[in-house]
Amino acid sequence: MTWLIDLYKEYEKNKDFVGMSELNRWGQEITLLPVSHTTQTAHIQVNITEEGKYHSAIVLGKQDKCSTVIPCTLESASRSSNIAPYPLHDKLSYVAGDFVAYGGEEKTRKFIAYDGKQITGGEFLAYSHNLGLWASSPESHRKVQAIYKYISKKCLIQDLIEDEILYVDDNNQLIKKWDKKYEEHYGTKPDIFSAITGDQSSAFVRFNVNSRTDLIEVWSDQEVYNSFITFYNNTLQNLEHNLCYITGKRAPITKLHANKIRNAADKSKLISSNDESGFTYKGRFETAKQAANISYEASQKSHNALKWLIGRQGDTINGRVFLIWGNNIPLPLNNDTYPKAPTKDKDIPDTNKEYALRVNKALHGYRTKFDTKEHVNILILDAANTGRLAVTYYQKLDKHQYLNRLKNWFTTCNWRFRVKSKKTGKYINFITTPTPKEIATAIYGDKEKKLIKETVQRILLCMLENKDQLIPKDIERSLIIRASRPSAMEPEEWEECLSVACAIIKHNRKKEDIKMALELENKDRSYLFGRLLAVADVAEQTVLDLNDENRATNAMRYMTAFSNRPEKTWKIIREQLQPYLIKLGDSRKHYLTLIDEITNDIGIDNFTNEQLNGLYLVGLSSQRHDLQESKEDE
């Protein structure tokens with residue numbers, strides 16, 4: 001329950017932002033929803049006058065299809081086959097009194113109205129009855145009254161047909177599916193059939209009231225929000241009152257909780273107690289309320305805060321949500337948070353010192369913006385099926401502790417990345433820290449979605465749970481194996497995989513203080529064999545570039561075998577390298593000298609077929625970079 005309490009507090013802390021729209025980093029519109037409200041994608045906007053008369057309507061195209069904030073009740077927020085109208089905006093079958101007259105099928109069910117009465121009727125009756133109760137209540141709003149006055153005329157579909165928004169066939173029935181035979185009468189395919197996936201009767205309608213003095217749309221009007229919240233709260237007084245586990249106060253308790261948590265199409269719920277015949281709480285409790293009592297208001301605020309935070313700063317990876325929140329904090333799953341240190345200046349040694357300074361400066365800037373009492377909340381969500389969402393991890397950290405762990409991660413898990421510029425076509429080197437998703441993708445590619453999200457969670461916990469935590473050996477080993485298979489990837493993909501592998505190896509061997517710059521004094525056997533492979537690769541690649549040949553070098557082709565049997569494989573690579581050395585001319589001496597020096601450092605005793613460890617990739621990366629920089633200088 002701790003995570004619910006923290007989300008409730010987050011909502012209370014940000015009450016000034018309720019109802020305000022903003023764009024997240026993906027350009028999507030997000031809103032901290034008011035209580036008793038949800039979002040819905042509308043297809044048709046109907047404009048009426050303040051006197052309750054039809055004015056105009058438009059079909060909302062893709063550019064207009066932002067989620068519309070609409071009032072909702074406990075029942076409508078979780079409706080399926082039952083009749084449960086949204087209070088103000090809804091589908092045609094609910095809001096159009098002439099729906100049946102134009103071929104619509106009417107459902108007849110029993111439903112409980114806002115006033116507690118049980119009524120038998122169709123969808124429009126349920127909608128109009130409840131809207132009438134709101135419109136005639138002391139808490140009503142003039143815009144709500146105008147909408148009720150109009151829908152009471154039962155002529156919505158007729159008006160939309162006359163305005164060429166909806167279309168009927170020869171029998172004056174709504175066309176269910178567009179066919180070319182209708183082009184003779186109507187011309188090209190109307191917009192409504194592009195806006196919806198089903199037939200016209202599935203269109204969702206939002207209402208707006210045209211006014212000369214009030215230019216605020218109904219779905220953005222704070223007064224309308226407050227009008228429904230106050231009205232609906234009065235109707236909730238009939239619910240059972242009990243102690244709310246979130247607020248610690250007696251309040252109306254609800255068993256129905258929100259969905260649409262990860263996105264507008266998400267049907268999964270975090271809290272559910274409707275499975276009385278199954279095993280949701282049987283065996284531990286006799287009734288659902290023995291497990292937890294949550295008030296309607298607390299449930300609404302907690303879920304709305306969660307939706308807002310996910311849209312604002314969460315990362316969703318194959319259905320699993322990774323959310324970190326707190327005031328003025330960097331987000332470790334966001335690529336934009338990671339500082340990048342260019343390594344263009346040849347007079348500066350190629351180490352991670354400059355990068356570490358940038359990290360410290362960035363984190364210090366965050367550190368000065370909060371007091372010692374503030375915390376960082378880490379929440380991970382995932383769905384086992386379409387109906388159930390679970391909290392797979394929740395932790396609260398002191399912000400100083402959180403930043404110290406980020407600092408440790410950034411300054412120990414980083415490497416030089418080499419990316420080809422799309423503008424210039426030249427390669428750019430920079431030092432950065434790979435994100436958890438980049439690490440997982442480097443291991444599995446982008447197809448193993450389930451494995452990627454599991455790996456991302458494991459890496460995230462390594463980052464944040466303990467400053468001395470190492471990346472699990474199986475992840476490191478998988479990276480080493482994949483980085484040893486360049487022929488299985490595109491060149492740029494392999495370059496990134498190699499850099500990611502080196503970053504992880506550097507992090508896991510932090511006590512050895514591994515440098516990114518070439519370490520001539522490093523006599524580790526695997527490191528030296530990696531350097532040897534790099535010399536062969538760069539030498540052959542130089543000749544291939546001169547001849548405009550686009551293929552892998554022999555060093556890259558034999559890389560997997562080389563990592564497993566270096567002595568045997570080196571003989572093959574060395575023999576095949578000879579023709580290319582001859583073509584290098586004056587540069588040949590430089591490469592031959594390097595090969596001799598590295599071979600001598602390895603020594604006869606170590607020149608065996610014993611398998612290499614991950615340090616050979618570090619030696620390979622550092623030696624390749626050193627040789628490539630030398631070539632660019634020349």
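Read the figures in this text as sums done on the coordinates, not as results from a lab. Because the structure is predicted, anything quoted here is derived from the model rather than measured. Here the Cβ is made from the backbone with ideal geometry for all residues, glycine too, and neighbour counts use every protein chain on show.
With respect to the chain, whose longest principal axis is taken over its alpha-carbon atoms, helix 588-602 is tilted by about 90°.
Taking a straight line from the alpha carbon of Lys301, these aspartates and glutamates sit under 14 Å away, with near neighbours fewer than eight places off in the same chain left out: Asp6, Glu10, Glu12, Asp16.
In what order do Val538, Val209, Val18 fall by count of nearby beta-carbon atoms within 10 Å, going from fewest to most?
Numbers: Val538 21, Val209 25, Val18 18.
Starting with the residue having the fewest Cβ neighbours, the order is Val18, Val538, Val209.
Placing +1 on the Cβ of each Lys and Arg and -1 on the Cβ of each Asp and Glu in the chain, which of Leu243, Val376, Asn508 has its Cα farthest towards the positive end of the resulting dipole? In the chain, that residue is Leu243. Can you grab the distance from the C-alpha centre of the range 577-634 to the C-alpha centre of the range 92-115, Å, no decimals? About 79 Å separates the Cα centre of the range 577-634 from the one of the range 92-115. Please give the net charge around Tyr393, taking every other residue with its beta carbon less than 11 angstrom from that of Tyr393, where Lys and Arg add +1 and Asp and Glu add -1. Once positives and negatives cancel, what remains is 0. Placing +1 on the Cβ of every Lys and Arg and -1 on the Cβ of every Asp and Glu, with no other charges, gives the chain a dipole of roughly 1480 debye about its Cα centre. Cross-link pairs exceeding 25 Å between alpha carbons, from the set Lys267/Lys453; Lys107/Lys267; Lys269/Lys399; Lys269/Lys449; Lys267/Lys449: Lys269/Lys399.
Which of Arg588, Arg531 has the fewest other C-beta atoms within 10 Å, and how do the rest follow up to the most?
If I rank by nearby Cβ atoms, fewest first, I get Arg588, Arg531.
What fraction of the DSSP beta bridges in the chain is antiparallel, stated in percent and rounded to the nearest 5?
Details: 49 of 57 bridges.
Here the share of antiparallel DSSP bridges comes out near 85 percent.
With an 8 Å cut-off on Cα pairs and a minimum separation of 6 or more residues, tell me the relative contact order of the chain in percent. Kindly include the intermediate steps, with their values, before the conclusion.
Values: 994 pairs, mean separation 66.5, N = 634.
Rounded, it is 10 percent for the chain.
Distance between the modelled labels on Gln290 and Ile428, one decimal in nanometres: 6.3 nm (7 Å Cα→Cβ projection).
Backbone geometry of the range 263-269 corresponds, through the Karplus equation with coefficients 6.51, -1.76 and 1.60 at θ = phi - 60°, to 3J(HN,Hα) couplings of 6, 5, 9, 7, 9, 6, 10 Hz, x marking Gly and Pro.
Scalar couplings 3J(HN,Hα) for the range 533-549, obtained by applying the Karplus form with A = 6.51, B = -1.76, C = 1.60 to θ = phi - 60°, are 5, 5, 4, 5, 5, 5, 4, 5, 5, 4, 5, 4, 5, 5, 9, 6, 9 Hz; x denotes Gly and Pro.
Considering helices alone, the calculated mean residue ellipticity of the chain at 222 nm is -12500 deg cm²/dmol, with DSSP H runs of length four and up weighted by -39500 (n - 2.57) and normalised per residue. Spatially close Lys pairs in the range 539-634, defined by Cα atoms under 23 Å apart and a spacing of eight or more places or different chains, total 4. Counting neighbouring Cβ atoms within 10 Å and putting the fewest first, the residues Cys155, Cys502 line up as Cys155, Cys502.
Evaluated over the Cα positions of the range 479-634, the convex hull gives a direction-averaged projected area, one quarter of its surface, of 8.8 nm².
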